[in-house]
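Working notes, beginning with the structure itself.
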Amino acid sequence: MDGNDSHALLSGEQLIYAITVPLSTSIILANLVIILGIAWNRQLHNTPNYLFLSLLVADLCTGVALPFIPLMGLNRELSSGSCLVAHFFPNFLFLAFLFNLVMVHYERYICIVDPLRYSNLWMHRSFPLAMLAVWAPPLLYASLPAFGWNNWTGPDWSGCCASSQNATAPPGCLPNRTTCCSYRRVFPNAFIYLEVYGLVLPAILAIAGMTGRVLWITRGQLKDICRLHRSLERGGQASDREHRLNLRYVRCVVAVSMTFLACWVPQLIYMHVCIAFLISDTRWSSTTHIVLSCTGIGSMAVVPLVLGLANRQYTEPACTLLQKLRGRWCRGRRRGQSEEIVGNV
């Protein structure tokens, strides 16, 4: 690897850490707060919250792996085993997070759409089976490159990490037995297409469809409530209560829409840009790849935090602890001021 390539790799890693470390730290801390809130409140120890707890654990792991996901787009000098591990674990955690997110949305979707069948859901009758369904398929799929579905012996990797100091070294191979580690060597094109269009995109569309269906049902129930309210009051005009209900619904739709735009659109853009460059087989700027990958994965990891922080039951223990600490700090400050006044007197 010559000096220019080494400098480019170093600057790329510095940019990745500069973007992902603050975001990763925030995701980890927020998940820990919600996880402790669920563990602290025994009333929340039920199957729906256990499913959400599994999602939080997957999101926390995604936050830990967040700095390593953009690194998959850089060419690095790693051994074959280290290269597979460096690509396997981030991909597995990302897919596990996505599967958990679909499961949580599905459970809440059935609760609203078909409440009579909700208590008889298979995930309530067999919680270990539900955990197996959201963790085992991502593990199996992410492990396929380790079992031979890879492009490790591809012919187009010469010069990727070739040593400029040793002209006799084989292409893509260094004297210290390190190799050129790139996502193109670990993931074949068919693997990437199947993951994007067979797993990730259908999962995002399923979440969007379930969310839209819930909003549509909520709108119908709101109309029924307003109609019943008018019949009870025997009036033909909308009351202030109806206006407040409609305003609350509009706020809910706006909040959901903004959340989808902020959390899912960057990931969709990143996926399709990657596929476009993969089809054209052209090299693209590492800075562009880093920014898009960090933005896409990071914004998607915020979704469980939005769901968790919006529930007061999850955040109540943390709020209580902060209030106690604030009260002690205020009492200590007043006590110090009182002692200072007495000392001056």
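Looking at LEU98, LEU29, which is the one that is part of a helix (DSSP H, G or I), under 18 Å from the mean Cα position of the chain (by Cα) and crowded, with 20+ Cβ neighbours inside 10 Å? First the steps, then the outcome.
On the way: LEU29 fails: crowded, with 20+ Cβ neighbours inside 10 Å.
Matching residue, one of LEU98, LEU29: LEU98.
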Worksheet item: For the subset of the stretch 227-259 comprising residues that are under 20 Å from LEU215 (Cα atoms) and of a type in the set (Ser, Thr, Tyr), which member is modelled with the lowest pLDDT?
Response: TYR249
Discussion item. Restricting to the stretch 296-343, and then to whatever is polar (S, T, N, Q) and at pLDDT 75 or above, can you tell me which residue is farthest from MET271 (Cα to Cα)?
Written reply: GLN323
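For residues that are of a type in the set (Gly, Ala, Ser), in a helix (DSSP H, G or I) and more than 26 Å from the chain's Cα centre (by Cα), tally how many sit in the stretch 103-144.
So the answer is 0.
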Item to complete: Filter the stretch 202-214 down to the residues that are over 18 Å from the mean Cα position of the chain (by Cα) and surrounded by fewer than 16 Cβ atoms within 10 Å (Cβ to Cβ), then identify the one that is farthest from TRP264 (Cα to Cα).
Response: ARG213
Worksheet item: Within the stretch 85-125, how many residues are of a type in the set (Asp, Glu) and closer than 22 Å to TRP264 by Cα?
Response: 1
Practice prompt. Give SER286, SER293 a once-over and let me know the one that is surrounded by 13 or more Cβ atoms within 10 Å (Cβ to Cβ), modelled with pLDDT under 75 and closer than 30 Å to ALA203 by Cα.
Written response: SER286
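The values are calculated or read from the model by the stated rules, or taken from the named source; none is laboratory data. Remember, predicted model here, so these are calculated numbers, not experimental data. A quick note on method: Cβ atoms are made from the backbone with ideal geometry, for glycine too, and the neighbour counts reach across all protein chains shown.
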